[in-house]
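Worksheet: one structure, shown below.
The values are calculated or read from the model by the stated rules, or taken from the named source; none is laboratory data. As the structure is a prediction and not an experimental result, all values here were calculated from the model. Cβ sites come from the backbone with ideal geometry, for glycine too, and all protein chains shown count toward neighbours. Ligands, DNA and RNA are excluded from the accessible area calculation, which covers all protein heavy atoms including side chains. Shrake-Rupley method; radii C 1.70, N 1.55, O 1.52, S 1.80 Å.
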Amino acid sequence: MKKRITILGSTGSIGKATLEVIEEQKDTMEVCGLACKENVELFNAQIAKWKPRYACLFDPSREGEVAFGSASRLTGLAGMKEMVRADCDIVVNALPGSVGLEPTLEALRNGKILALANKESLVMAGRLIGKLLRETRATLIPVDSEHSALYQLLHCIDGAAELRHLVLTASGGPFRKRSKEELKSVRPEEAMKHPTWKMGTKITLDSATLTNKGLEVIEARWLFDLDHHRIKVLIHPESIVHGMVELRDGALLAYCAHPDMRIPISFALNEGARTELPFGKVNLATLRKLSFSTPDVERFPALKLAYDALDTGDSALIVFNAANEVASAAFMEGRIRFTDIARLIDEALTHHARVPKIEDEHIIWDIHRWAMHYVMERLRRSID
Ligand SMILES: NC(=O)c1ccc[n+]([C@@H]2O[C@H](COP(=O)([O-])OP(=O)(O)OC[C@H]3O[C@@H](n4cnc5c(N)ncnc54)[C@H](OP(=O)(O)O)[C@@H]3O)[C@@H](O)[C@H]2O)c1
């Protein structure tokens, strides 16, 4: 029996990389469902090639443009959730932002294997997701390269007692060398030039502000059930070492791989089994150097705000994520400066009503909406 794989966000960077992994391993895997938002042209080509049992277009107004063929016609969030519940084995959640949360919860409630790229789900609902993982037979395997690295490293050590710290690496983004003053005037198109990875718009901007690393620290806190003070970040521009674990005796285990998302995606789809892959390997002899430094939170305050939010409690994590979504979109529309993104996140965090522990999905969405509204209102006034 081939593994039946459903991909949410199939036309995006992770979605397309997932299809390339399946193409490479088509003796053991097949596509069960595909979903995207509005890229009908590519979606039609994917449906024609992969002949999925289910296809879902998020935007119902464009349903008529989709050549569903023999696939069940689905639309909207409800359609995506129906597809997740259907007879697939693995759900790859490659949606960007908060829209990924409901499909994540649906996959876990239905006992699926969830290959999770959508880190925002864990940021918004880490405690609830942990509860669902304990109460159902669902499994969550991280797709984010740093978390895949740490997941693999943690399987090599003998339990939590051996562990002192986790280390997440960050490329530092395109503005690693810009001064605080220069950061005020960077333009959206400059922020889209990531030095190592080719990714979707949201994560590329999140990488430039280091908000992405903040989201990843929060993701790691929930994924590995670890106090956030034991999760460190190091800037590593070469993106060869993706994660490290520091052990009690001072030893450091590092996971190195060629920076290609198809490697962690394959690891997740194979549920941890290793297969031959043609996606590149690390040749230490030809690498001139591997460098590491501590992040500068003066210039990139969003990373510190993520740690502050973890100190504050669950409500702050939801606010951090929602405020970032609104402020980042405003920056991409040219409405605010790059440096205003962290400023608006900070303001929203300062003004929100703290709730330390949240397992209720309704409360999560209430706080999410409050934070979005707060930043939108703030944007209506001048922010200088
Ligand atoms: N890219 C990477 O290398 C990478 C690495 C680690 C983690 N991640 C995480 O993976 C997630 C996806 O990132 P990405 O870079 O692949 O994003 P992306 O390239 O922007 O792709 C997003 C995909 O989701 C679809 N989509 C967006 N909004 C949707 C909605 N409301 N309903 C249904 N489909 C929707 C898009 O459809 P359309 O094409 O029709 O708009 C597209 O297929 C993010 O959480 C990111 O942080 C990405």
When LEU34 is run through (1) hydrophobic (A, V, I, L, M, F, W, C); (2) part of a helix (DSSP H, G or I); (3) in contact with a Ser or Thr (Cβ under 7 Å, 6 or more places away or on another chain), the failure sits at (2)
Restricting the first residue to segment 366-380 and requiring it to be of a type in the set (Val, Ile, Thr), which pairs with a second residue that is modelled with pLDDT of 95 or more meet a Cβ separation below 6 Å and a spacing of at least six or different chains? ILE367/SER315; ILE367/ILE318; VAL375/ALA323; VAL375/VAL326; VAL375/ALA327; VAL375/LEU344; VAL375/ALA348
Show the residue pairs meeting these rules: Cβ distance below 6 Å; 6+ apart or different chains; first residue within segment 255-278 and under 14 Å from SER13 (Cβ atoms); second residue charged (D, E, K, R). ARG262/GLU20
Among (1) within 15 Å of the ligand (Cβ to nearest atom); (2) closer than 21 Å to ALA268 by Cα, the one test that PRO60 misses: (2)
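For segment 89-137, how many residues are in a loop (DSSP other than H, G, I, E, B) and open to solvent by 10 Å² or more (accessible area, probe 1.4 Å)?
Number of matching residues: 10.
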Can you tell me which residues in segment 356-374 are farther than 14 Å from ALA322 by Cα and open to solvent by 50 Å² or more (accessible area, probe 1.4 Å)? PRO356, LYS357, GLU359, ASP360, HIS362
Within the bounds of segment 64-82, is there any residue that is closer than 28 Å to PHE267 by Cα, part of a helix (DSSP H, G or I) and charged (D, E, K, R)? yes
Could you tell me which numbered condition THR286 fails, if it satisfies all but one of (1) buried (at least 21 other Cβ atoms within 10 Å of the Cβ); (2) assigned by TED's automatic domain parsing to the domain that holds SER239; (3) of a type in the set (S, T, N, Q)? (1)
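Just one of ASP225, ASP158 is open to solvent by 40 Å² or more (accessible area, probe 1.4 Å), at pLDDT below 95 and either in the same structural domain as GLY111 (by TED's automatic domain parsing) or part of a loop (DSSP other than H, G, I, E, B) (or both); which is it?
Going through ASP225, ASP158 in turn, just one is open to solvent by 40 Å² or more (accessible area, probe 1.4 Å), at pLDDT below 95 and either in the same structural domain as GLY111 (by TED's automatic domain parsing) or part of a loop (DSSP other than H, G, I, E, B) (or both): ASP158.
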Of these, LEU253, LEU210, which one is within 23 Å of ILE141 (Cα to Cα) and either assigned by TED's automatic domain parsing to the domain that holds HIS155 or touching a Pro at 6+ places or on another chain (Cβ under 8 Å) (or both)? LEU253
Can you tell me how many residues within segment 34-52 are more than 13 Å from LYS16 (Cβ to Cβ) and more than 12 Å from the ligand (Cβ to nearest atom)? 4
Any residue at all in segment 18-26 that's closer than 18 Å to ARG85 by Cβ, within 13 Å of the ligand (Cβ to nearest atom) and in the same structural domain as LEU77 (by TED's automatic domain parsing)? no
